[in-house]
Amino acid sequence: MKDVNCIFCKIANGDIPSATLYEDDDFRVILDLGPATKGHALILPKEHFANLFEIPEELETRAFALAKKMAGKMKDALGCDGFNIVQNNGIAAGQTVFHFHIHLIPRYDHDEAGISWKPGTLTEEAKEEILSKMRAN
Ligand code: AMP
Ligand code: ZN
């Protein structure tokens, strides 16, 4: 299904032009218009799913396999020194476009892309709480 109000549905299906690196029946891979680094790209399924929890497992598996394939090709073509694969779900996690997508972010030594977090400390209390909640489910 497509969502008529979704910009990534329109891009993925070719209704809005994009810098396309790859396309098949189910996916389009485009350059991000606000790149974190040179070559930052997005994998878009052609069907509309808001996030990781909505996309069917079979398509999700193929999306991540495609991410690995594209990362290898981009590493060779762009000569990057590392690679981040990022997939945001929900406003709290920084998702701004609510159509499932995977970020492919080539990394270069000394680039200034800020994909990091401040490490906290895993306390005994938090550890026990998480383990017991996760095991209960
Ligand atoms: P997220 O924050 O994970 O939802 O990522 C959305 C990404 O889509 C951001 O990196 C934006 O720069 C990118 N983006 C938004 N609109 C467009 C567009 N029309 N074409 C290409 N990339 C876009
Ligand atoms: Zn969509």
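Taken over region 16-38, the criterion of being more than 12 Å from ligand 1 (Cβ to nearest atom) and in a loop (DSSP other than H, G, I, E, B) is satisfied by D24, D25, D26, K38. Among residues of region 90-137 being hydroxyl-bearing (S, T, Y) and loosely packed, with under 14 Cβ neighbours inside 10 Å, the one that is nearest to the chain's Cα centre (by Cα) is T96. Residues that are under 15 Å from Y108 (Cβ atoms) and not acidic (D, E) within region 49-93 comprise A71, M74, K75, A77, L78, G79, C80, G82, F83, N84, listed in sequence order. Among the residues of region 23-36, the ones that are under 15 Å from the mean Cα position of the chain (by Cα) and farther than 21 Å from N51 by Cβ come to 2 in all. Applying the criterion of being crowded, with 18+ Cβ neighbours inside 10 Å and not hydrophobic (A, V, I, L, M, F, W, C) to the residues of region 39-59, the residue that is farthest from ligand 1 (Cβ to nearest atom) is E47.
A single member of L33, L52 is over 24 Å from E112 (Cα atoms), without any contact (Cβ under 8 Å) to a residue 60 or more places away in the chain and away from ligand 2 (no atom under 13 Å from the Cβ), and it is L52.
Values in this text are rule-based calculations from the coordinates and carry no lab data. What you see is a predicted model; the values in this text were computed from it and never measured. FYI the Cβ positions are ideal-geometry reconstructions off the backbone, even for glycines, and counts take in every protein chain you see.
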